[in-house]
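Working notes, beginning with the structure itself.
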Amino acid sequence: MTQPSPLNLDQYVPALLTSLTNKMASGASACYRKHFGIGIVEWRVLAMLAVEDKISANRVVQVIGLDKSAVSRALKLLELEGHVSTQVDVEDARRYTVSLTPSGRKLHDQVLVTALERERLLLANLEKAEIETLIDFLHRMSAQLDAVNAVEPDVGGRPKKPAAG
């Protein structure tokens, strides 16, 4: 049996996306820790809470796509530092919701300036229409994730196509 050729990492989209996001995340985390005392996970939680207030930790996990333990640690740290508060959910007393405190809102607003500047620099070599196309492509690719994550290899190492649903 012939060996498959190695991936061309300059053309393999998952590797390009992963490399870009990992480098962006580590750079953001270093910057935000140095200047604001939080890392990228805490920033993502703050950003989510600025968009959607009084939500459960599970909702944060769903939307930002991080694992539950990372979100839980970030929420504990942010609560300890007074940036978020938790309340019993009025609709379900078994759950808690999380909200930004005034301190959390202020921190969010400070970090947001830097986050938007980083985004501006990332996109600086693209035209407005290219940015719109990129955003459209990213949304369309995100819509494919259920199908992508349903792929399972068969015994021979070739991927099985997901069952039609």
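General observations
- Enumeration of residues in the stretch 88-117 that are under 24 Å from residue 25 (Cβ atoms) and surrounded by 15 or more Cβ atoms within 10 Å (Cβ to Cβ): 98, 100, 104, 105, 107, 108, 111, 114, 115
- Looking only at residues of the stretch 91-140 that are over 26 Å from residue 20 (Cβ atoms) and of a type in the set (S, T, N, Q), we find that the one that is modelled with the lowest pLDDT is 97.
- Condition broken by residue 58, with the remaining ones in (1) loosely packed, with under 13 Cβ neighbours inside 10 Å; (2) assigned to a loop (DSSP other than H, G, I, E, B) satisfied: (2)
- Single unsatisfied condition, residue 43 versus (1) part of a helix (DSSP H, G or I); (2) within 21 Å of residue 113 (Cα to Cα); (3) more than 16 Å from the chain's Cα centre (by Cα): (3)
- If the condition is being part of a loop (DSSP other than H, G, I, E, B) and surrounded by 15 or more Cβ atoms within 10 Å (Cβ to Cβ), then the stretch 72-87 contributes 81, 83.
The values are calculated or read from the model by the stated rules, or taken from the named source; none is laboratory data. Since we're looking at a predicted model, the values are computed, not measured. With ideal geometry, Cβ positions are generated from the backbone for all residues, glycine too; neighbour counts draw on all protein chains shown.
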